[in-house]
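Reading through the structure tokens given below for one structure.
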Amino acid sequence: MSGVDFLLDSLGEALGLIWSGNRDVYSAVSVSLQVACAATAITTLVGIPLAFLIYGHRFWGRRLVITVLNTLLALPTVVVGLFVYSFITRRSLLGPLDLLFTKKAMIFGEVILALPIVVALAGSAVVSLDKSVKETALTLGAGSSRVLIIMLREGRLAFMTAVAAAFGRLIGEVGVSMMLGGNIAGVTRNITTAIALETSKGQFSFAMALGIILMILALGVNFVLRYAQGKGGVG
């Protein structure tokens, strides 16, 4: 069998697994979506306020904090996994909580991984917002909470981009998931860890099915973002 025939056969089998609703395939997809969505939500709730705090105010050490954040953007996922693992392993500080090899541990690690992305990208949006927006709102008597809402509305597309970038990083990461989740079938095995496992076992069509779904999810996020930008007047 030629390489092309092998690829086409694997692709056909992969599409068959997707179309037939293979339980193992969609179990991995479900875990990926649960963990990535939960981590993205937590990161958004924490990261955007932090972006306003860091980039919207001047304080001693601000440049150092921003430099550290920019450095953490390139943080390898296995380093995050190792860091969190050292805290939640059964002989460590948080060991009694029994978090290791659970979805909670994966979410914890992914929040740490995505937080610098949201803070840095949202921070750029905060800096780029016209100062007159804030000044006008304050002049008209808006309180601090109202000013924050106005700024969030004005920069909503940039903030959405930050959130989409974080989700894109999380849905495709493997280091944190493997080290903290343990790749347990039906429990913590997600798309990326399943792809790594099945490829090593020679189950190329199964891995390809998951790869196709991963690409569809990534494209879906980008299409939603582009649609939102179009609604917001961005071509």
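If we scan the range 163-183, do we find a residue that is under 19 Å from Tyr26 (Cβ atoms), surrounded by 21 or more Cβ atoms within 10 Å (Cβ to Cβ) and not hydrophobic (A, V, I, L, M, F, W, C)?
Yes, because at least one residue in the range 163-183 is under 19 Å from Tyr26 (Cβ atoms), surrounded by 21 or more Cβ atoms within 10 Å (Cβ to Cβ) and not hydrophobic (A, V, I, L, M, F, W, C).
Within the range 54-63, is even one residue in contact with a helix residue (DSSP H, G or I) (Cβ under 9 Å, 6 or more places away or on another chain) and closer than 17 Å to Glu173 by Cβ?
no
In the set Val68, Val35, Val31, which member is touching an Asp or Glu at 6+ places or on another chain (Cβ under 7 Å) and either surrounded by 15 or more Cβ atoms within 10 Å (Cβ to Cβ) or over 30 Å from Met208 (Cα atoms) (or both)?
Val35
Can you tell me which residue in the range 29-61 is farthest from Thr193 (Cα to Cα), limited to those that are touching a Ser or Thr at 6+ places or on another chain (Cβ under 8 Å) and of a type in the set (A, V, I, L, M)?
Within the range 29-61, the match that is farthest from Thr193 (Cα to Cα) is Val35.
Write out, first by first residue and then by second, each pair whose Cβ atoms fall under 8 Å of each other, whose residues are 6+ apart or on separate chains, and whose first residue, in the range 61-80, is touching a residue at least 60 places away in the same chain (Cβ under 8 Å) and closer than 16 Å to Phe167 by Cα while the second is aliphatic (A, V, I, L, M) and surrounded by 12 or more Cβ atoms within 10 Å (Cβ to Cβ).
Listed pairs, sorted by first residue: Thr77/Leu113; Thr77/Val174; Thr77/Val176.
Please specify each residue of the range 189-202 satisfying the condition of being among the small types (Gly, Ala, Ser) and part of a helix (DSSP H, G or I).
Once the filter is applied, which keeps residues that are among the small types (Gly, Ala, Ser) and part of a helix (DSSP H, G or I), the range 189-202 yields Ala194, Ala196, Ser200.
Against the definition (crowded, with 17+ Cβ neighbours inside 10 Å and at pLDDT 95 or above), how does Ile212 come out, yes or no?
For Ile212, the condition - crowded, with 17+ Cβ neighbours inside 10 Å and at pLDDT 95 or above - is not met.
Of the residues that sit in the range 90-117 and are of a type in the set (A, V, I, L, M) and surrounded by fewer than 17 Cβ atoms within 10 Å (Cβ to Cβ), which one is farthest from Ala39 (Cα to Cα)?
Of all residues in the range 90-117, those of a type in the set (A, V, I, L, M) come to 93-94, 97, 99-100, 105-107, 111-115, 117.
Filter once more, keeping what is surrounded by fewer than 17 Cβ atoms within 10 Å (Cβ to Cβ): 93-94, 97.
Details: Leu93: 22, Leu94: 19, Leu97: 19 Å.
For the range 90-117, the residue satisfying everything is Leu93.
Starting from residues that are of a type in the set (A, V, I, L, M, F, W, C) and under 21 Å from the mean Cα position of the chain (by Cα), keep the ones in the range 185-206 and report whichever is nearest to Phe101 (Cα to Cα). Step through it out loud before you land on a result.
Taking the range 185-206 and keeping what is of a type in the set (A, V, I, L, M, F, W, C), we get 185, 187, 191, 194-197, 204, 206.
From what's left, under 21 Å from the mean Cα position of the chain (by Cα): 187, 191, 194-196.
Numbers: Val187: 9, Ile191: 16, Ala194: 15, Ile195: 18, Ala196: 17 Å.
Ranking the qualifying residues of the range 185-206, first place goes to Val187.
On the given criteria, is Gly61 modelled with pLDDT under 85, surrounded by fewer than 13 Cβ atoms within 10 Å (Cβ to Cβ) and either out of contact with any Phe, Trp or Tyr (no Cβ under 8 Å at 6 or more places or on another chain) or not aliphatic (A, V, I, L, M) (or both)?
Numbers: modelled with pLDDT under 85: no; surrounded by fewer than 13 Cβ atoms within 10 Å (Cβ to Cβ): yes; either out of contact with any Phe, Trp or Tyr (no Cβ under 8 Å at 6 or more places or on another chain) or not aliphatic (A, V, I, L, M) (or both): yes.
Answer is no for this residue.
What do you reckon, is Phe87 crowded, with 17+ Cβ neighbours inside 10 Å and at pLDDT 90 or above?
no
Do you know which of the residues in the range 90-125 that are among the charged types (D, E, K, R) and at pLDDT below 95 is nearest to Ala164 (Cα to Cα)?
Asp98
Give me the pairs: first residue in the range 170-188 and part of a loop (DSSP other than H, G, I, E, B), second residue among the hydrophobic types (A, V, I, L, M, F, W, C) and crowded, with 22+ Cβ neighbours inside 10 Å, beta-carbon distance under 7 Å, and six or more apart or on different chains, which are they?
Matching pairs, first to second residue: Glu173/Leu113; Thr188/Val31; Thr188/Met106.
The values are calculated or read from the model by the stated rules, or taken from the named source; none is laboratory data. What you see is a predicted model; the values in this text were computed from it and never measured. Cβ: placed from backbone, ideal geometry, glycine included. Neighbour counts: every protein chain shown.
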